[in-house]
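No value in this document is a laboratory result; all are computed from the given coordinates. Quick caveat: nothing in here was measured; it's all calculated off a predicted structure. Note that each Cβ is placed from the backbone with ideal geometry, even for glycine, and that neighbours are counted across all protein chains shown.
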């Protein structure tokens with residue numbers, strides 16, 4: 001397919017007779033002719049006999065020097081004819097030119113098989129919904145990378161894989177740092193992403209007692225321990241242990257205590273307080 | 001807001017509290033049935049850290065231990 005060169009108001013005549021096989025024609029005037037025709041392009045000239053105005057030939061000029069054209073004869077569905085001096089030469093639009101333009105179908109939506117020659121220039125986007133050219137995106141990211149003043153807002157994370165804003169960290173890993181308390185730690189090795197440590201102290205007890213933890217472990221109790229907290233009353237020394245029956249649960253544990261008189265005098269009827277600690281997630 | 005104390009609703013009243021839940025900060029895959037939970041307000045939640053044990057549920061009310 002030819003690439004066309006266009007010139008308005010070319011309206012002249014042949015300077016001399018032209019045979020039906022000549023590949024060079026000379027016009028009577030250079031008025032409105034281009035000074036050159038780029039390689040691979042053509043200027044369309046229509047020839048028309050002045051005697052009857054019924055004979056036409058379309059020629060494609062591939063080169064031009066002054067008023068002399070190098071031409072391809074019989075183009076655009078016409079045949080090469082012999083012409084006389086003063087026959088008409090002009091440059092109106094032709095069907096071949098129009099067809100070369102291509103046209104969109106009536107229902108075209110610019111989707112599907114439309115293709116574009118590379119590169120297609122796109123102006124910088126200035127609003128949401130605009131096309132973004134890669135050069136602009138690259139420049140924007142370079143600016144972000146080079147600036148220490150950029151602040152990115154991150155929404156509150158709702159799942160383990162989401163980014164967490166620094167402001168959310170304290171609420172994600174709360175604690176109650178009291179005598180009976182807990183601390184939730186981040187832990188990437190935990191199936192839940194966190195680890196919980198809890199602790200407490202019992203009131204003075206005699207025998208067994210079930211102690212609810214300050215907060216129930218959602219998933220797993222890993223470890224539980226206890227130790228005597230204070231001097232016993234009603235005896236000289238005591239012991240406390242985690243009960244196996246009932247076994248410790250995610251919510252509570254049962255502890256048993258015993259108080260003894262001066263060794264080896266055996267069990268005494270006393271009471272004792274104890275510390276406990278539990279770990280899980 | 002949703003903080004709960006757990007008790008055995010089938011037990012004679014007053015039923016001892018056997019667990020404490022804060023669903024704001026922890027996700028529980030196996031929360032007890034609603035019938036065995038009673039909501040805990042902010043003041044009682046703060047109070048239960050003094051003594052997690054000794055609490056009871058009586059007539060639908062959460063009763064702190066005397067020493068809490």
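If you go through region B:35-45 one residue at a time, do you hit one that is within 24 Å of residue A:185 (Cα to Cα) and touching a residue at least 40 places away in the same chain (Cβ under 8 Å)?
yes
Restricting to region B:5-30, what's the tally of residues that are surrounded by 12 or more Cβ atoms within 10 Å (Cβ to Cβ), at the interface with another protein chain (Cβ under 9 Å from one of its Cβ atoms) and either under 19 Å from residue A:249 (Cβ atoms) or in contact (Cβ under 8 Å) with a residue 40 or more places away in the chain (or both)?
Total satisfying the criteria: 11.
Please pick out the residue among A:257, A:202 that is touching a residue at least 40 places away in the same chain (Cβ under 8 Å), closer than 16 Å to residue B:19 by Cα and either buried (at least 17 other Cβ atoms within 10 Å of the Cβ) or touching a helix residue (DSSP H, G or I) at 6+ places or on another chain (Cβ under 6 Å) (or both). Before you say what the answer is, go through the steps one by one.
Numbers: A:257 fails: closer than 16 Å to residue B:19 by Cα.
Testing whether each residue is touching a residue at least 40 places away in the same chain (Cβ under 8 Å), closer than 16 Å to residue B:19 by Cα and either buried (at least 17 other Cβ atoms within 10 Å of the Cβ) or touching a helix residue (DSSP H, G or I) at 6+ places or on another chain (Cβ under 6 Å) (or both) leaves just A:202.
Hey, can you tell me all the residues within region A:173-195 that are facing chain B (nearest Cβ under 8 Å), over 30 Å from residue A:270 (Cα atoms) and surrounded by 15 or more Cβ atoms within 10 Å (Cβ to Cβ)? Outline the logic, then answer.
First pass over region A:173-195, keeping only residues facing chain B (nearest Cβ under 8 Å): A:174, A:176, A:178-181, A:184, A:192.
Filter again for over 30 Å from residue A:270 (Cα atoms), leaving A:174, A:176, A:184, A:192.
Residues satisfying the conditions are A:176, A:184, A:192.
If you check residue A:210 against the conditions, is it surrounded by fewer than 22 Cβ atoms within 10 Å (Cβ to Cβ) and within 14 Å of another protein chain (Cβ to nearest Cβ)? Full working, then the answer.
On the way: surrounded by fewer than 22 Cβ atoms within 10 Å (Cβ to Cβ): yes; within 14 Å of another protein chain (Cβ to nearest Cβ): yes.
Taking the combined requirement at face value, the residue satisfies it.
Quick one: residue A:54 ticks every box in (1) exposed (fewer than 13 other Cβ atoms within 10 Å of the Cβ); (2) without any contact (Cβ under 8 Å) to a residue 24 or more places away in the chain; (3) under 55 Å from the mean Cα position of the chain (by Cα); (4) part of a loop (DSSP other than H, G, I, E, B) except a single one, so which number is it?
Condition (3) is where residue A:54 drops out.
Quickly run through region A:156-172 and pick out the residues that are closer than 16 Å to residue B:23 by Cβ and either part of a loop (DSSP other than H, G, I, E, B) or away from chain B (no Cβ under 13 Å) (or both).
Restricting attention to region A:156-172, the residues satisfying the condition of being closer than 16 Å to residue B:23 by Cβ are A:158, A:171-172.
A:158 - this is the single residue of region A:156-172 that is closer than 16 Å to residue B:23 by Cβ and either part of a loop (DSSP other than H, G, I, E, B) or away from chain B (no Cβ under 13 Å) (or both).
Would you say residue B:62 is over 17 Å from residue A:179 (Cα atoms) and either surrounded by fewer than 15 Cβ atoms within 10 Å (Cβ to Cβ) or more than 8 Å from chain A (Cβ to nearest Cβ) (or both)? Break it down into steps so the answer makes sense when it comes.
Values: over 17 Å from residue A:179 (Cα atoms): yes; either surrounded by fewer than 15 Cβ atoms within 10 Å (Cβ to Cβ) or more than 8 Å from chain A (Cβ to nearest Cβ) (or both): yes.
The answer is yes for residue B:62.
Being surrounded by 19 or more Cβ atoms within 10 Å (Cβ to Cβ), more than 7 Å from chain A (Cβ to nearest Cβ) and at negative phi is the filter here, so list the residues in region B:49-59 that pass it. Can you show your working first?
Residues of region B:49-59 that are surrounded by 19 or more Cβ atoms within 10 Å (Cβ to Cβ), as a first pass: B:49, B:51-55, B:57.
Filter once more, so that each one left must be more than 7 Å from chain A (Cβ to nearest Cβ): B:54-55, B:57.
Residues satisfying the conditions are B:55, B:57.
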